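For reference, the structure is listed below as C-alpha cells.
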Amino acid sequence: MKVSFKWLKEFIEINFSPEALAERLLMVGLEVEDIVYLNPGLDGVICATLSGLSRLDDGYIVYLRVKDKTYRAFYKGEAVLIEGKKVAIATVGASIASKLVKSYEVSGLEFDAFLPSEEELRIGEGKGPIFLPDESQEGDTLVRLYELDDVILDISVTPNRGDCLSVIGIAREIAAIKGIGPRGLLPKFDLEEKGRDIRELVSVEVEDYDLCPRYVGRVIEGVKVTESPLWLKRRLIHCGLRPINNVVDATNYVMLELGQPLHAFDLNLIRKRKVIVRRARNGEKIRCIDGVERTLSNNDLVIADAERAIGIAGVIGGENTEIWSGTKDVFLESAFFNPSSIRMTARSLGITTEASYRFERRVDPGNTLFAADRAAYLISKIALGRVSKGYHDLCRDSFKPWFVIMRPERVNRILGTQLKPDEIITIISSLGFSSRYKEDLLEVEVPTYRGDIQREIDLIEEVARIYGYVKVPPRMPWGETQVGGLDEIQKLEWRVRDILIGEGFNEVITYSFIDPEIFDRLLLPQGHPLKECISLLNPLKENQSVMRTFMLPGLISALLFNYRKGSKDIFLFEVGKVFRTELTFEGLPVEINKLGMIMLGGIDKELITGSVIPRDILNLKGALENLFESFKVVADFRDIEEDLPFLVKFRSSSIYILGERVGWIGEISPKISIAFEVNEPIYAAEIDLDRFFTLVPKEIKYKELPRFPSTRRDVSVLVPLDRKAKEVESVIKSIGGEIVEEVRLFDFYQGPQVPQGYRSLTFCVIYRAKDRTLKDEEVEEVHLKVRKELERSGFKVR
C-alpha cells in the first residue's frame, strides 16, 4: 500500500525522516518495501499565464507572463491554447533533471521557454502542455502544485492488519510509536444536509445480514460531474490510483484516507429507486465497470435494484449504474461485508480490486457511517451537490467495542519482561485501547477497527510490538519439548526412496498442478476416469490449471526435459499424491499416495566385459521386484485389464499382491514417444502406496533352511510373441508339483537364429524335496515330462 508522507503529516506531527519512519514501522510489524522521492529535479518548471499567440509557418509563438516578466515559447502541437489560461513552462537557465534549459531558434526567431508535457517530465501520461488550475499563482513551481515535494512509502501490510490499509491506520501506528495515542486523528468536517429527505429518494433493503452485517446509504443531489481538482488527482496518482471524475475520486480518496471502500451509483439509473443487498441467482450475469460480463452464483453477494444486479458487493460496480458526465443524483454506498464472502467471490471471479483487497482483510464496521459522511461532504464541495437529509443505516447488530481480559503477570511471563502494570496500561492506551482494573485482571476495551484482537495473547503481542522486540531480554527456552520424527507411513516412503536410489533411479519432484492438454497427448479419450480431475479456480498459469490424477504427466515432462538436454541414461521416480474428484467425509478431494517410475530404453554396458546389453521392460520389472522383495512381499504380474491407452497392451501388466491390484507396469505407446520426439522406447510404472503399505507384513516370519540339497535344470523354449513367459512358468510348476522350488527366467533372445514370430526364453528350474535327497533319475523323469508338456502347450523346446 502506497502512503503519502505529506498526507500522514496532516494528521500527526512527524519530526523524523521517511527513512527513520520506515525503520520505526518495521519494528512494529509494518515493512516499508520502498521509499520514493517524487521530485525528479523539476524545480525549474513554473506556472505562467498564456498572454498571447501568433501564427508561425509550422506552429505558434506563445507569449507567457510570469509576474512582470514575459517569455516566448514555440509550440506546434494539437492542443488548443487559450489566452488567460495557466500553463507550466520551463525557462532558460532552469535546471530540469540535472539538465540546463537553453534558448533555441525557430524560423530565425529566438525563444527562451518551452511548454513541457507530463510525459516529457515523467510525472504522468499527458502528451500536451500542462494546464494548471485558474487559481494557480504565476511563479508557483510545478513541484508545489503537483505535490512533487512529497515522499511515498510503499508499506507491506500483513493480512490480519486491515486497519493499516489507510492513512489514518498508519497514523495510528505512528501515534502508538510516539506514545501519544490516536485520539483526534480523524479528519474534521462540517456536513450540511440541504437536500430532500433520503426516504423520499431511495429505499434500501438487506436480505442477507450474514454476508452484509451493515449497510449505509446516502444521497447527494444535483452534482456536476467534472474533472477533480488538481490536488485530489495528484494525491490519488501518487498512491497508485487513476483519477476518473470528481465523484468517483472523492470515494477513492476517502478509501485511502479512512480504509473504508465506498461506491457511488447514479441514482436515476437505479430502477424504481430501490436498492437490495442480496445473494446472486445462479447464472445471473452482470457487466462490470471494467467492461467485462461476469456470471455469478448464489455464493456471491450483489447490490441490486428492483430488476437486476447493479454491482458485485465489495468487489466491483456495474456498468449499468456507473457515474458518467450526465449524472445528477448520486447514491453513495458504505458497507461492512463478510470478509470470507468477499474473498471467495473475488477468487471465483479471478478479480482483485482496491475495495476487495480491503474488505477481505476486514474494514472497521464502526466507521461505516463516518466514512459515508466524509465522502458525502467531499462530493458536496468538489461536485457542488446537496447532501440529503438523513441516511439509511441497516444493521442486525450494534457494532461496539468489545472487552478482552488480560493478566499483567502473564504478560511478563510470556515476554520475559518485568513491566509494571502502569507501563502495560500506558502501552495499551497508546494503541487507542482503554482499560480498567477488575480485581487483579485488566479489562481492555478493544476499538472496532482492531478486529484482530480477540484473545489475551493478541494483547500481549501488541504490548511486545510497542514496547519493542529488541528490548525483550533473551533467555533459554523452558518447558517440555516434543521430539519430532516420522510417522510409520513416512518411514515406509523413505524406505522406498532409499531402495530405488540404490537401484540407480533418481528422485524427482514435479508439480501437482498439470496442463489439461497432457491428457489428450497421452491418448486418453473423452470420459476416461483419469480425465476426471479437479480444476483450480485461480491457477498460477494456464498450463497448471488442474490437479494430477496419475503420476505419468509429471514424470514424462521430467524425462523429456533431461532427454532434450542430451541425457540418455534416464531412470526417474517420484513419491507424491494424486487427486480424485470423490470427496472425503470432510468434503475435501480424495488424495492417494503413489509411486511413479519412468525409464528410457536404449543400451547399458556391462561394467567388467564392456559388452552391450539392451535395456527394456525387464529392467523396470526387476527394479520393482527388488523393491517388493525388500518389503518381503511377492508380486504377481498379470494381463492388464484396465483401459490405459497410453500403454502398449501386450507389453504391459497389472501388478497384484495377495490378490489385490496395486498398480501397473508397461511400455509407453510409440505414438506418444514419436509425438514427443523420443527415439528410444519409454517404460513406466505406478504403484498405489496406500494400498501397498497395507499389504506389507507387520512382522517377518522365517522358515527353516532346507535340510536336503537342490538340483538345477535349465530349459530353453521358443515362445510365440503373443504369449507370455508366465504361461511357461505355469506349465513347469503344474508338472513339477511340490518338488519345483523355483522357476526363474534368466535369458532372453530375439534375433536371426530364432524363427520369425518367436523369442527364445531360458528358464532355470530348481528341484528340491522337503523330506529326502532327490535322485538324478527322479529329476530327469520329471524334467522330461516338463519338456513334453511344454511342447504340447504350443512351445518349442530347444
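Miscellaneous remarks
- The single residue among THR417, THR352, THR368 that is out of contact with any Asp or Glu (no Cβ under 6 Å at 6 or more places or on another chain), open to solvent by less than 40 Å² (accessible area, probe 1.4 Å), modelled with pLDDT under 95 and β-branched (Val, Ile, Thr) turns out to be THR417.
- Counting only residues that are closer than 22 Å to GLY751 by Cα and either open to solvent by 70 Å² or more (accessible area, probe 1.4 Å) or assigned to a helix (DSSP H, G or I) (or both), segment 722-733 holds 5 of them.
- Residue in segment 201-209 that is aliphatic (A, V, I, L, M) and open to solvent by 60 Å² or more (accessible area, probe 1.4 Å) present: no
- Test result for ARG495, under 30 Å from LEU25 (Cβ atoms) and either open to solvent by 100 Å² or more (accessible area, probe 1.4 Å) or out of contact with any strand residue (DSSP E or B) (no Cβ under 6 Å at 6 or more places or on another chain) (or both): no
- The requirement of being open to solvent by 60 Å² or more (accessible area, probe 1.4 Å), assigned to a strand (DSSP E or B) and farther than 30 Å from LYS491 by Cα is fulfilled nowhere in segment 772-794; no residue meets it.
- Only residues that are over 13 Å from GLU147 (Cα atoms) and in contact with an Asp or Glu (Cβ under 9 Å, 6 or more places away or on another chain) were counted in segment 1-10, giving 3.
- Under the condition of being within 32 Å of the chain's Cα centre (by Cα), of a type in the set (D, E, K, R) and open to solvent by 10 Å² or more (accessible area, probe 1.4 Å), the residues counted in segment 244-279 number 2.
- For segment 427-437, the criterion of being in contact (Cβ under 8 Å) with a residue 24 or more places away in the chain, open to solvent by 60 Å² or more (accessible area, probe 1.4 Å) and out of contact with any Gly (no Cβ under 6 Å at 6 or more places or on another chain) is satisfied by no residue at all.
- Taking segment 609-680 as the region of interest, the strands (runs of 3 or more DSSP E) fully inside it that hold 3 or more residues being at pLDDT 90 or above are 647-657, 660-668.
- Within segment 144-201, being touching a helix residue (DSSP H, G or I) at 6+ places or on another chain (Cβ under 9 Å) and small (Gly, Ala, Ser) holds for GLY162, SER166, GLY169, ALA171, ALA175, ALA176, GLY179, GLY181, GLY195.
- Number of residues in segment 318-337 that are crowded, with 24+ Cβ neighbours inside 10 Å and of a type in the set (Gly, Ala, Ser) equals 2.
- Failed item, numbered, when LEU431 is tested on (1) in contact with a helix residue (DSSP H, G or I) (Cβ under 9 Å, 6 or more places away or on another chain); (2) more than 26 Å from LEU165 (Cα to Cα): (2)
- Selection within segment 94-109 - modelled with pLDDT of 85 or more and surrounded by 11 or more Cβ atoms within 10 Å (Cβ to Cβ): VAL101, SER103, TYR104, VAL106, LEU109
- Among the candidates PHE519, PHE550, residue that is of a type in the set (Phe, Trp, Tyr), in contact (Cβ under 8 Å) with a residue 12 or more places away in the chain and out of contact with any strand residue (DSSP E or B) (no Cβ under 8 Å at 6 or more places or on another chain): PHE519
- Of the criteria (1) within 24 Å of ASN245 (Cβ to Cβ); (2) of a type in the set (Ser, Thr, Tyr); (3) open to solvent by 10 Å² or more (accessible area, probe 1.4 Å), which one SER340 fails: (1)
- Qualifying residue in segment 172-187 (condition: closer than 30 Å to VAL66 by Cβ, free of Cβ contacts under 8 Å to residues at least 40 places away in the same chain and of a type outside the set (Val, Ile, Thr)): no
- Residue that is nearest to the chain's Cα centre (by Cα), among those in segment 442-470 that are assigned to a strand (DSSP E or B) and under 12 Å from VAL411 (Cβ atoms): VAL444
- All positions within segment 693-721 that are assigned to a helix (DSSP H, G or I) and either small (Gly, Ala, Ser) or touching a residue at least 40 places away in the same chain (Cβ under 8 Å) (or both): PHE693, LEU695
- Meets criteria (open to solvent by 20 Å² or more (accessible area, probe 1.4 Å) and either more than 18 Å from ILE180 (Cα to Cα) or not hydrophobic (A, V, I, L, M, F, W, C) (or both)) for ILE457: yes
- Of all the listed residues (LEU761, LEU745), the sole one being surrounded by 14 or more Cβ atoms within 10 Å (Cβ to Cβ), touching a Ser or Thr at 6+ places or on another chain (Cβ under 9 Å) and at pLDDT below 90 is LEU745.
- Output for segment 553-574, where each listed residue is in a loop (DSSP other than H, G, I, E, B) and without any contact (Cβ under 8 Å) to a residue 24 or more places away in the chain: LYS565, GLY566, SER567
- Scanning segment 372-390 for residues that are crowded, with 16+ Cβ neighbours inside 10 Å, over 24 Å from PRO447 (Cα atoms) and touching a strand residue (DSSP E or B) at 6+ places or on another chain (Cβ under 9 Å) turns up ALA376, TYR377, ILE379, SER380, ALA383, GLY385, ARG386, VAL387, SER388, GLY390.
The values are calculated or read from the model by the stated rules, or taken from the named source; none is laboratory data. Just so it is clear, the structure is predicted and the values come from calculations on it, not from any experiment. In this analysis, Cβ positions are derived from the backbone assuming ideal geometry, glycine residues included, and neighbour counts consider all displayed protein chains. Side chains included, ligands, DNA and RNA excluded: accessible areas come from the protein's heavy atoms. Shrake-Rupley method; radii C 1.70, N 1.55, O 1.52, S 1.80 Å.
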